[in-house]
Structures are given as structure tokens and as C-alpha cells.
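A.B. asks: Pasting in a structure now, in C-alpha cells, and then I'll have a few things to ask.
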Amino acid sequence: MFGEFNSSKYDVPIPHRNWRRALAESFYVLSCASPGEVVCITGPSRAGKSLMIRRLIQMLFGDSRYEQTGHIPALVVEAANTGSHGTFSTKAFIQRMLEAVKHPLFSMRGQDLDDILAMQKMDRSTEATLRIALEHALIARGVKYLFIDEAQHVKYASKDTQAAFAVMDSWKCLAQSAGLVIVFVGAYPILDILANSPHLVGRKHQVHFPRYHATSEDIGSFAEMLQSYSTLVDLDSSLSSLIDVTELLYEGSLGCIGLLKAWLKRTDAIAMINGRKVDANLLRSTRLTDLDLKSIKAEIISGEDSLKKSSFLEVYEGERKVTLSDGSNRSSKPFQRKPTRETARNRTEIKK
């Protein structure tokens, strides 16, 4: 007998250690950031970054509503590939931002005639004109934070290798002229784009939303999260909880909360369709393929390596450890030069 699968139960956020840490750090960084600065929140795909955006806005501004105040203190726009052949169109993205900021001329109002007129105006207007209109709209709406979700899609802006970070540089200039903080939210490929723009790096605050690693501390936190998910899944009597298959679930999700949740949702749905309960065998059969996991892991490892390379300075016990470009290390006390003895008769003498 088939039951009705309720997928909405998986949409309820389950707080866990990495989520709490990333949320607290993001809130602190955003609270201290100045207009014109850039905040980058990154982590594995489907880690819950988009959900974090909504939570951060609530923490920063409460239940502020546009209908009551006429202001939009935090604007969220997804960087979608809406250009031809799957490219990223900067003009189309400006149009999406004008829509989100509810521009009186360049946005849809829900009335057929008004929508047609708005579309015609946007199509006929140049990108420079739309950019100026957007800047004025951001100021008029009192936007303090511009969240660009899935920001890594900007890498499809053009075949030109410099196009992606040129676009991000342009967004940073927009943030500076409109007096707001721009927040890039996305998967790890965004790090390589930002690294190519020294102007952006100098104004960037980095927040990492990591996966769980194969350490005793992380596995313990991962198991606590499994205990919470156990209440959502109709488990077979062979499993007292999902903790019984911690190793299987960790290896099949790479320690990523998004992959784990999608896997459990998929397994739960198949179990419901087949009129059975979730056991270890069903979890194995619904796991991502080794090829899929290998591809995802390669992107994660590359992103984690990029973060490690950016953290090249360590300060401890009054000494500075510098990682050089050739990979070697040099330890010394800052601002001090090792004394050297000059050889005899090698001093500079003033000739009379």
C-alpha cells in the first residue's frame, strides 16, 4: 500500500555544530563590515548556505517588511545562467536585481499591461542605463546588504579568462557607490575567481561553512546530527537509529550535510513507494555512484586547498611563521634583523 511522502519535513533546519559556527561568524562579520566591503560565504554545494542567508537577514533586521516600511534592508538575488547557451548575462542579472529591488519602472507589477511595458523598457534600455537605475534604486530602498547567491555561476560570463573577476569587480564598485555591503555566497569555485582580483581580496572577509572531516571530534558531531535525522526516517527494526550506519552515511555524503539530507530524502521516498522501511541495504542502493562522489570530492578538495593557501600567516608566541612561495618556512621575530658581523676594513669611510 502506497503512502503519501511528505518531503517538507526535510526542509526544517536541523542545527548542528558547523551550522552554528558558520552562522555566528557570518553574523559577526556582517555586523562589523563597512559599506563597500565584500563578504564571501563559501562551502560545499548544498551545505545550507541559502538557508543561512534567510536566517542572517532575520537576525540582522528582524521581521522588517517592505509593505510596511518601503525599505528593503537586505536584497537577495541568485546569479543564474540566463544568457544564451547557458552563459552568465550581466544585463539579465541587473534586470533580476531591478526586479528584486522593486524598481517602479523596470520591474513586474503583476498586471499584464504593466509587465509588457516593463519588459519593453528593459529590453530597449542599455546596460549602462539599467546600472544607473539600479544604483539609485538600491539607495532609495535603503539596501544595506546585497546577497548574491550561487555567485560561482559568474564563471560562465564569457570565454575570456578575466571576465568573471571583472564582473565581480564591477559589483564591488556598485556596492561602494550605493553604500552597501556585498555578500558573495556560493560553492568553492568562487574562491578561484576572487583570487584573481587583488582589489577584491583586499576588501574581502572570508567565512567558511565546512563539511565534517574524518576526525574523532567531527565524526562525533556528525553522529549527533544523524540522531536528529533518525526521527524523520521510518527505520527498519534492524536499525535502532542512523548512528548504526554512521560510517556508511559519512562515506556516501563526504561529510556534507546537503548530500546527506538529499540522500535520506531520496531513500525515504523510495521506501514509501515500495511499502518498506529504511535499512542499511536500501541506503547502499540509493547512494550516489562512486563516479559522482569522486567528482564532488575533487571540487571540495580543491576548494579546501584554496582556503589553506590563503591562510599563509600564523602568529604564535611572539614569532612569525611565513610560508614562502616555494613551500619552505622561515621563522623569526617580527621587525628584527639577525645581527651580522662586518668584515674588517669593510666599513664605509668618509673621505676628507
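A.B. asks: Do we find a residue being surrounded by 10 or more Cβ atoms within 10 Å (Cβ to Cβ) and modelled with pLDDT under 90 anywhere in segment 333-340?
C.D. replies: The answer is yes, given that some residue of segment 333-340 is surrounded by 10 or more Cβ atoms within 10 Å (Cβ to Cβ) and modelled with pLDDT under 90.
A.B. asks: Another question, if that's okay. Is it the case that Leu194 is more than 21 Å from Phe27 (Cα to Cα), crowded, with 21+ Cβ neighbours inside 10 Å and not assigned by TED's automatic domain parsing to the domain that holds Asp290?
C.D. replies: When the stated conditions are applied, Leu194 passes them.
A.B. asks: Another question, if that's okay. Filter segment 27-59 for residues that are closer than 23 Å to Ser253 by Cβ and in contact with a helix residue (DSSP H, G or I) (Cβ under 7 Å, 6 or more places away or on another chain) and give the result.
C.D. replies: Ile41, Thr42, Gly43, Pro44, Ser45, Arg46, Ala47, Gly48, Met52, Arg55
Residues are listed down the side, and each one gets a yes or a no for (1) in a helix (DSSP H, G or I); (2) free of Cβ contacts under 8 Å to residues at least 60 places away in the same chain; (3) in contact with a Cys (Cβ under 8 Å, 6 or more places away or on another chain); (4) under 21 Å from Leu293 (Cα atoms):
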residue: Val183; (1), (2), (3), (4): no, no, yes, no
residue: Asp192; (1), (2), (3), (4): yes, no, no, no
residue: His205; (1), (2), (3), (4): no, no, yes, no
residue: Ala223; (1), (2), (3), (4): yes, yes, no, yes
residue: Tyr229; (1), (2), (3), (4): yes, no, no, no
residue: Asp244; (1), (2), (3), (4): yes, yes, no, no
residue: Tyr250; (1), (2), (3), (4): yes, yes, no, yes
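A.B. asks: Quick one: which of Arg46, Arg65, Arg109 is assigned by TED's automatic domain parsing to the domain that holds Ala166, out of contact with any Pro (no Cβ under 7 Å at 6 or more places or on another chain), at pLDDT below 90 and on the phi > 0 side of the Ramachandran plot?
C.D. replies: Just one listed residue meets the conditions, Arg46.
The values are calculated or read from the model by the stated rules, or taken from the named source; none is laboratory data. This is a predicted model, so every value here is computed, not measured. Note: ideal-geometry Cβ built from the backbone for every residue, glycine included; neighbour counts use all protein chains shown.
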